[in-house]
Amino acid sequence: MQLRPGSLGALVLLAVGAACGGGGGSARLVPNFFAADVAIDARAPTTAVSHSPALCCDRNQGYAVWIEERSALDQRVLFSRTGNGGASWNATPERLDTGPLLSGPRAAPQICCDGSHIYVCWLDWRRGTPDVRFNRSLDGGFSWLGRDLLVNVSQANALTHTSAVICCEGDDVHIAFTSLEDNSLRVALSRDAGGGFASAPFRIHGISARPREPALCCDRGEVYVSWADLRDGLGDIYVNRSADGGTTWQPDGVRIDRGVAGAAASRRPRICCVQRRVYVAWEDGRDGGATVYVNRSVDGAATWRTTDTRMDTLLLPPSALGGYDVCWRCPGA
């Protein structure tokens with residue numbers, strides 16, 4: 001689900017603590033934070049390590065998912081919720097992965113929510129090589145599937161999946177994931193609120209592609225995927241789109257970074273979409289250091305600007321500035 005603001009515009013956040021700004025005049029939205037933060041993993045053993053959090057919020061509800069690592073083989077995907085603006089969370093987090101304990105690592109959980117529908121995916125090593133697995137709640141996080149689902153159902157166990165991202169809209173769930181051995185980026189689709197996924201996820205690029213690091217966005221029946229692609233050398237940013245809710249895709253993505261193809265490493269794209277406007281930001285090495293560029297489309301990713309825009313002025317990696325992301329102006333501003 002994507003925010004649907006009354007006024008359009010996009011911001012690239014270059015530092016931790018940056019927030020969506022107001023839409024008119026000098027008014028600014030300044031969030032209020034608690035004097036003390038809240039430990040949502042307070043019940044974890046003192047020897048456990050909690051990491052890789054992901055967060056989602058919708059209609060006064062907040063949801064968080066993370067990895068609790070008790071040992072190299074005992075890793076769990078945990079979930080918690082708040083209904084009072086984050087003042088308190090579940091006393092006991094819910095475990096979402098249903099594989100046997102001590103069955104291997106779990107990694108990189110991703111979460112999406114739309115109303116009371118909550119969808120979570122992650123990488124899971126219980127079968128030896130990392131698969132993409134999924135769980136969901138249709139009642140605001142109070143109950144979940146009794147058994148998590150395998151998303152990459154049509155692929156052999158030997159494939160190594162390196163990333164997975166998720167977006168959702170109502171009962172439609174889209175999960176994009178990459179695999180190393182066949183240099184593929186596929187998108188799995190569920191039309192029944194995550195009850196099951198199509199047996200053959202869509203491969204959304206040509207045979208020459210070498211996709212990495214996907215980013216995913218969906219809004220009003222349209223779905224957009226961006227990724228870093230090594231087909232021409234060091235890496236470029238590509239986007240593909242589906243105008244029918246993920247049923248069909250273009251034969252290949254289009255390149256949207258405007259440097260010399262393959263000459264400098266472009267990577268880590270982030271994508272945002274609303275009302276057929278699509279924005280993508282990424283790290284780019286064309287200027288001699290890691291800088292941040294943005295390109296945008298106003299027609300549902302059918303066309304893009306012929307020039308991209310550099311958003312920062314320092315030749316520092318975004319990690320030195322606290323990372324970056326793409327954000328819409330806040331609703332109602």
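The values are calculated or read from the model by the stated rules, or taken from the named source; none is laboratory data. The structure presented is a predicted model; accordingly, all values stated were derived computationally and were not measured. Neighbour counts run over all protein chains shown; Cβ positions are idealised from the backbone, glycine included. Protein only, heavy atoms only, side chains kept; ligands, DNA and RNA dropped before computing areas. Shrake-Rupley method; radii C 1.70, N 1.55, O 1.52, S 1.80 Å.
Numbers at a glance
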read-out: Neighbours by Cβ (under 6 Å, 6+ apart or cross-chain): first from the stretch 99-121, farther than 17 Å from A215 by Cβ and touching a residue at least 24 places away in the same chain (Cβ under 8 Å); second surrounded by 19 or more Cβ atoms within 10 Å (Cβ to Cβ) and of a type in the set (F, W, Y); value: R106/W122; C113/Y63; I118/Y63
read-out: The stretch 216-235 residues that are without any contact (Cβ under 8 Å) to a residue 12 or more places away in the chain and basic (K, R), paired with ones that are assigned to a loop (DSSP other than H, G, I, E, B) and crowded, with 20+ Cβ neighbours inside 10 Å (beta carbon under 9 Å, 6 or more apart); value: none
read-out: Criterion (open to solvent by less than 10 Å² (accessible area, probe 1.4 Å), over 20 Å from T162 (Cβ atoms), among the small types (G, A, S) and outside any loop (DSSP other than H, G, I, E, B)) met by exactly one of A281, A193; value: A281
read-out: Given (1) open to solvent by less than 40 Å² (accessible area, probe 1.4 Å); (2) modelled with pLDDT of 95 or more; (3) more than 23 Å from S80 (Cβ to Cβ), number of the condition R106 does not satisfy; value: (3)
read-out: Criterion (open to solvent by 60 Å² or more (accessible area, probe 1.4 Å), not β-branched (V, I, T) and not in a loop (DSSP other than H, G, I, E, B)) met by exactly one of R258, R296, R241; value: R296
read-out: Residues of the stretch 165-188 classified as of a type in the set (A, V, I, L, M, F, W, C), open to solvent by 10 Å² or more (accessible area, probe 1.4 Å) and farther than 12 Å from V225 by Cβ, total; value: 1
read-out: Whichever residue in the stretch 244-254 is out of contact with any Gly (no Cβ under 6 Å at 6 or more places or on another chain) and not aromatic (F, W, Y) and, among such residues, is surrounded by the most Cβ atoms within 10 Å (Cβ to Cβ); value: G246
read-out: Residue check, V260 within 20 Å of V120 (Cα to Cα), β-branched (V, I, T) and out of contact with any Phe, Trp or Tyr (no Cβ under 7 Å at 6 or more places or on another chain); value: no
read-out: Contacts under 9 angstrom Cβ, first residue in the stretch 42-63 being over 24 Å from C168 (Cα atoms), partner open to solvent by 50 Å² or more (accessible area, probe 1.4 Å) and β-branched (V, I, T), 6 or more apart; value: R43/T92
read-out: R126 among the basic types (K, R), at pLDDT 95 or above and either under 27 Å from A265 (Cα atoms) or open to solvent by 10 Å² or more (accessible area, probe 1.4 Å) (or both); value: no
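Okay, residues lined up against (1) part of a strand (DSSP E or B); (2) at pLDDT below 80; (3) hydrophobic (A, V, I, L, M, F, W, C); (4) open to solvent by 80 Å² or more (accessible area, probe 1.4 Å):
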residue	(1), (2), (3), (4)
L8	no, yes, yes, no
L11	yes, yes, yes, no
V16	no, yes, yes, yes
A44	no, no, yes, no
Y63	yes, no, no, no
F79	yes, no, yes, no
